[in-house]
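Here the structure is laid out as structure tokens; the discussion comes afterwards.
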Amino acid sequence: MLLFYILFFVFGACFASFCNVIIHRMPQGLSVSFPPSHCPKCEHSLRFYHNIPLFSYLFLGGKCAFCKDKISLRYFLVELGGALLFVVALYFSAVDLENFNLTALYKPLFLGLSFCLLLTLSLIDFKYHAVPEIPLISAYFCAIIASVPQNLEQFFAFNSPFVLSLIFAGGITMVKSVVSAWINRNKSGEIIEAMGDADTIIIAIIGAFFGVKLGLACLLLAGILQLILHLFMRKTSQEAPFIPALFIAIMICFAFGEFILSFWMVYA
């Protein structure tokens with residue numbers, strides 16, 4: 001059992017290392033594959049042993065091996081976060097590791113991929129207030145695959161994760177449009193949106209993960225978290241991004257979903 005957690009930790013760190021490339025390059029319109037990994041200051045290409053997730057940062061003391069310029073701590077933290085998210089995904093999936101088959105690992109694997117991509121999108125959104133489409137759509141399909149029932153005949157059933165994600169996203173989009181129209185009822189030539197298209201896709205992911213009841217609770221929690229974030233950022237000129245709040249709310253609902261749902265059913 002421990003072996004699987006170690007393997008997921010290692011794979012998560014490796015995938016998160018690639019996510020670091022996405023965070024750094026995609027918002028700038030750069031290729032994620034060319035040029036190869038290099039120091040952003042001296043532009044010296046890194047050797048393979050400079051790219052070992054987690055360990056390279058520690059062995060190099062957080063500095064470039066060539067110019068000795070300081071490497072951002074973000075790279076290490078993202079790799080560590082990705083490794084832990086894959087471990088958490090394996091735990092949340094409740095796979096019977098004592099009596100399992102390899103096909104049972106598809107759920108924690110794609111759940112971990114979705115978690116890592118959501119972390120990536122959160123960090124990009126926090127800095128740029130916009131996210132690239134490829135990791136966004138990839139996170140959605142990873143979430144769908146992680147949530148798909150083993151009986152594929154139920155994939156298009158009304159209560160399947162795929163259909164629920166579409167209904168959830170469609171309903172939220174409709175509400176968003178109505179609210180936006182009401183806000184702009186006395187304005188001409190100006191559009192005010194409370195939620196972007198990327199947020200809507202993340203909400204579709206919430207629908208796939210949790211369904212309607214816990215999904216609505218997750219959205220409410222995300223709204224509270226964004227309000228808290230806004231209070232911390234109100235002295236700056238930046239707006240509080242919504243995707244980080246959605247991501248944190250998703251993780252909280254995975255950890256405490258049953259308690260939140262029971263509380264929601266009693267007091268909602």
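The values are calculated or read from the model by the stated rules, or taken from the named source; none is laboratory data. Predicted, not measured: the structure shown is a model, and the values here were computed from it. Every residue, glycine among them, receives a Cβ derived from its backbone with ideal geometry; neighbour counts consider all protein chains shown.
Points to keep in mind about this one:
- Lone unmet requirement of (1) touching a residue at least 60 places away in the same chain (Cβ under 8 Å); (2) over 13 Å from the mean Cα position of the chain (by Cα); (3) within 19 Å of Ile6 (Cα to Cα) for Lys127: (3)
- Residue ID - surrounded by the most Cβ atoms within 10 Å (Cβ to Cβ), chosen from residues in region 25-42 that are in contact (Cβ under 8 Å) with a residue 12 or more places away in the chain and assigned to a helix (DSSP H, G or I): Met26
- Members of region 66-80 found to be in contact with a helix residue (DSSP H, G or I) (Cβ under 8 Å, 6 or more places away or on another chain) and in a helix (DSSP H, G or I), listed by number: Arg74, Tyr75, Phe76, Val78, Glu79, Leu80
- In region 106-123, the condition of being more than 24 Å from Ile203 (Cα to Cα), in a helix (DSSP H, G or I) and either free of Cβ contacts under 8 Å to residues at least 60 places away in the same chain or not small (Gly, Ala, Ser) (or both) is met by no residue.
- Just one of the numbered conditions (1) out of contact with any Cys (no Cβ under 9 Å at 6 or more places or on another chain); (2) at pLDDT 90 or above; (3) more than 19 Å from Leu2 (Cα to Cα) is not true of Val88: (3).
- Residues of region 2-16 include none that is part of a loop (DSSP other than H, G, I, E, B) and either in the same structural domain as Phe247 (by TED's automatic domain parsing) or within 21 Å of Thr120 (Cβ to Cβ) (or both).
- Residue check for Ser114: polar (S, T, N, Q) and at pLDDT below 95: no
- Pairs where the first residue, in region 234-252, is within 19 Å of Pro132 (Cβ to Cβ) and the second is modelled with pLDDT under 80 and of a type outside the set (Val, Ile, Thr), C-beta under 7 Å, 6+ apart: Phe242/Met195
- Test: residue in region 97-104 that is over 26 Å from Phe242 (Cα atoms), touching a residue at least 40 places away in the same chain (Cβ under 8 Å) and not in a helix (DSSP H, G or I): yes
Residue-wise test of (1) in contact with a Ser or Thr (Cβ under 7 Å, 6 or more places away or on another chain); (2) aliphatic (A, V, I, L, M); (3) exposed (fewer than 13 other Cβ atoms within 10 Å of the Cβ); (4) at pLDDT below 75.
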| residue | (1), (2), (3), (4) |
| --- | --- |
| Ile183 | no, yes, no, yes |
| Asp199 | no, no, no, no |
| Ile202 | no, yes, no, no |
| Met233 | no, yes, no, no |
| Ile252 | no, yes, no, no |
